[in-house]
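**Q** This structure is in structure tokens; I'll ask about it shortly.
The values are calculated or read from the model by the stated rules, or taken from the named source; none is laboratory data. Just so it is clear, the model here is predicted, and its values are computed rather than measured. As a convention, Cβ positions derive from the backbone with ideal geometry for all residues, glycine included, and neighbour counts pool all protein chains shown.
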């Protein structure tokens with residue numbers, strides 16, 4: 001709306017909200033969104049204060065602003081008056097106390113129509129239109145979408161699974177709750193193998209929502225103790241909230257049998273089988289049996305152990321260990337194949353090709369070493385004999401020389417006396 005060029009003094013004294021209801025001539029042909037500075041969207045948290053900015057930049061020629069009006073569009077599309085500012089009369093609000101013009105002051109040039117809204121409520125979320133009524137240019141307006149957000153509170157924890165007999169069907173094992181959020185938060189889990197069950201209900205504050213997500217998984221030893229993460233995303237968060245949870249899941253017994261080394265032969269004594277169990281809670285009962293029903297006479301069950309005093313033909317069967325806890329039962333089977341005699345008493349078979357090759361190589365190495373030792377011994381003996389021969393020749397030569405020397409001397413003279 002725009003005020004006429006000559007406003008009667010009586011009308012100037014009327015409250016601004018009443019001026020809106022007067023039959024002014026609409027100036028739709030002169031209405032435009034260009035020139036009014038206002039954001040397309042503004043968001044604020046529930047209960048906080050938000051500012052709807054609306055400013056008119058300086059114009060090239062002289063233009064008088066006669067009024068600033070704020071309206072909002074309800075769910076049905078109707079325009080509702082929110083606030084009015086008149087250069088002489090000042091501000092007027094249908095709901096005083098929550099609204100305030102930030103920059104407009106009576107008696108000053110009206111260029112800033114920004115509006116502050118306190119104590120933000122969910123029902124305040126709407127399209128708001130700021131309109132400058134000018135003379136003689138007409139009206140200029142801009143629209144802003146106000147979003148009202150509520151930051152949710154979040155928590156995640158392991159779900160307590162009751163200790164009662166369970167079927168193999170999946171059950172809730174963890175819960176993640178995002179409370180009092182607006183809009184509703186987005187909740188997801190890092191455990192890709194599990195399924196989820198999500199629900200959404202209104203929060204305690206009007207316009208808010210509480211989202212609850214359950215992680216569904218089949219109870220097992222692989223699930224128990226596994227770390228998972230609840231991821232909460234919301235427009236009011238700079239980054240997602242990550243909530244770690246360690247699963248605490250009871251499960252029926254998971255059974256396996258150990259102790260058989262595939263070397264049980266007739267007559268072997270004091271062997272045993274062990275019933276290995278993973279169970280939460282602890283097992284309450286162990287039951288040993290065979291596919292034939294009862295245990296062989298030489299087998300004695302002692303809890304998780306099955307002691308066999310002597311291996312005989314009756315041990316050549318399939319043993320079954322069944323374990324029970326508070327949630328159910330689990331069992332394992334192990335077939336036993338009894339040999340007639342120990343492996344070291346079995347008939348000897350011919351040497352393999354590899355064994356023969358090792359024997360040949362070993363024999364050749366032995367012969368080469370023996371030949372070397374014999375040659376070395378002969379060589380040393382030969383040198384020793386040569387040394388002895390040389391020494392004996394020298395002695396003989398000396399003896400011969402002495403004989404020759406003694407024979408050449410004159411014979412002794414006889415005593416003539």
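**Q** Can you work out which of the residues in the stretch 104-123 that are free of Cβ contacts under 8 Å to residues at least 40 places away in the same chain and in contact with a strand residue (DSSP E or B) (Cβ under 7 Å, 6 or more places away or on another chain) is nearest to residue 75 (Cα to Cα)?
**A** Looking only at the stretch 104-123, we keep the residues that are free of Cβ contacts under 8 Å to residues at least 40 places away in the same chain, and these are 104-108.
Retained after the next criterion (residues that are in contact with a strand residue (DSSP E or B) (Cβ under 7 Å, 6 or more places away or on another chain)): 104, 106.
On the way: 104: 29, 106: 33 Å.
Of everything passing the filter in the stretch 104-123, 104 is nearest to residue 75 (Cα to Cα).
**Q** Hey, does the stretch 149-160 have a residue that's assigned by TED's automatic domain parsing to the domain that holds residue 191, at pLDDT below 90 and surrounded by fewer than 17 Cβ atoms within 10 Å (Cβ to Cβ)?
**A** Looking through the stretch 149-160, at least one residue is assigned by TED's automatic domain parsing to the domain that holds residue 191, at pLDDT below 90 and surrounded by fewer than 17 Cβ atoms within 10 Å (Cβ to Cβ).
**Q** Just to be sure I understand, how many residues within the stretch 287-315 are surrounded by 14 or more Cβ atoms within 10 Å (Cβ to Cβ), in a loop (DSSP other than H, G, I, E, B) and either out of contact with any strand residue (DSSP E or B) (no Cβ under 9 Å at 6 or more places or on another chain) or touching a residue at least 40 places away in the same chain (Cβ under 8 Å) (or both)?
**A** 2
Residue-by-condition table, conditions (1) under 30 Å from residue 151 (Cα atoms); (2) in contact with a helix residue (DSSP H, G or I) (Cβ under 8 Å, 6 or more places away or on another chain):
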{"site": "210", "(1), (2)": "yes, no"}
{"site": "216", "(1), (2)": "yes, no"}
{"site": "220", "(1), (2)": "no, no"}
{"site": "228", "(1), (2)": "yes, no"}
{"site": "234", "(1), (2)": "yes, no"}
{"site": "237", "(1), (2)": "yes, no"}
{"site": "259", "(1), (2)": "no, no"}
{"site": "271", "(1), (2)": "no, no"}
{"site": "297", "(1), (2)": "no, yes"}
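**Q** Can I ask one more? Between 281, 240, which is surrounded by fewer than 19 Cβ atoms within 10 Å (Cβ to Cβ), closer than 30 Å to residue 198 by Cα and free of Cβ contacts under 8 Å to residues at least 24 places away in the same chain? Reasoning before the result, please.
**A** On the way: 281 fails: free of Cβ contacts under 8 Å to residues at least 24 places away in the same chain.
Just a single option satisfies the conditions, and that option is 240.
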